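We did not get these values from a lab; they are worked out from the coordinates using the rules stated. What you see is a predicted model; the values in this text were computed from it and never measured. Note: ideal-geometry Cβ built from the backbone for every residue, glycine included; neighbour counts use all protein chains shown.
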């Protein structure tokens with residue numbers, strides 16, 4: 001089975017902190033994605049990567065950056081956390097059209 | 001207008017009912033249509049996948065795609081309390097990285 005693992009299930013951070021969310025997949029997928037999920041807004045794409053060191057902005061990249069130094073690992077970085085970044089963050093990797101998701105990280109910024 | 005529209009619900013039905021979940025879309029380039037199920041505090045998981053128009057059946061679940069109307073459906077027969085979850089439709093176009101576009105999800109509650 002494909003496994004996508006996010007490093008934390010729950011995080012609480014302070015405003016202004018730099019936050020790292022880590023995601024690892026074990027199936028050698030080329031494409032990896034970061035979404036945030038908010039009630040009433042659904043899944044919104046933040047960034048995606050189609051290869052090592054390659055990244056593309058999604059629909060809501062402001063306030064975020066990403067890093068992909070190795071194929072299996074895709075990191076989401078909140079440069080200076082703000083309260084409006086409180087959300088559920090979901091990482092996914094894709095094989096063709098099928099997306100495999102991690103369990104999600106619920107981030108609260110206080 | 002969002003590319004993919006989905007009623008967020010909640011949709012509450014009694015056990016054993018037939019459930020119909022729907023999405024409409026505006027991008028005629030979409031060729032791949034997926035349904036994901038997301039239980040509370042979990043990540044979404046793929047439930048059904050359909051290419052282009054037509055029907056696909058898997059046990060109690062049937063996915064339908066009507067490209068002429070830009071309308072897709074997921075039917076659940078003999079619904080069970082364990083089907084209570086959020087159902088997200090997703091679509092993608094060929095080429096590029098097949099980036100899926102998701103609907104907002106419909107919350108389904110099946111009560112005993």
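Brief remarks follow.
- The single residue among B:49, B:25 that is closer than 27 Å to residue A:40 by Cβ and either within 12 Å of chain A (Cβ to nearest Cβ) or surrounded by fewer than 18 Cβ atoms within 10 Å (Cβ to Cβ) (or both) turns out to be B:49.
- Residue list for the stretch A:6-40, filter: surrounded by fewer than 14 Cβ atoms within 10 Å (Cβ to Cβ) and within 30 Å of residue B:6 (Cα to Cα): A:9, A:10, A:38, A:39, A:40
- Filter result (over 26 Å from residue A:35 (Cβ atoms), surrounded by 14 or more Cβ atoms within 10 Å (Cβ to Cβ) and touching a residue at least 40 places away in the same chain (Cβ under 8 Å)) within the stretch B:52-100: B:75, B:79
- Every condition in (1) surrounded by 18 or more Cβ atoms within 10 Å (Cβ to Cβ); (2) within 14 Å of another protein chain (Cβ to nearest Cβ); (3) touching a residue at least 12 places away in the same chain (Cβ under 8 Å) holds for residue A:76 except the one numbered (2).
- Total residues in the stretch B:1-20, condition away from chain A (no Cβ under 14 Å) and either in contact with a helix residue (DSSP H, G or I) (Cβ under 8 Å, 6 or more places away or on another chain) or not in a loop (DSSP other than H, G, I, E, B) (or both): 7
- Within the stretch A:86-100, residues that are more than 10 Å from chain B (Cβ to nearest Cβ) reach partners that are in a loop (DSSP other than H, G, I, E, B) with beta carbons closer than 6 Å, at six or more positions or on different chains, in the pairs A:93/A:29.
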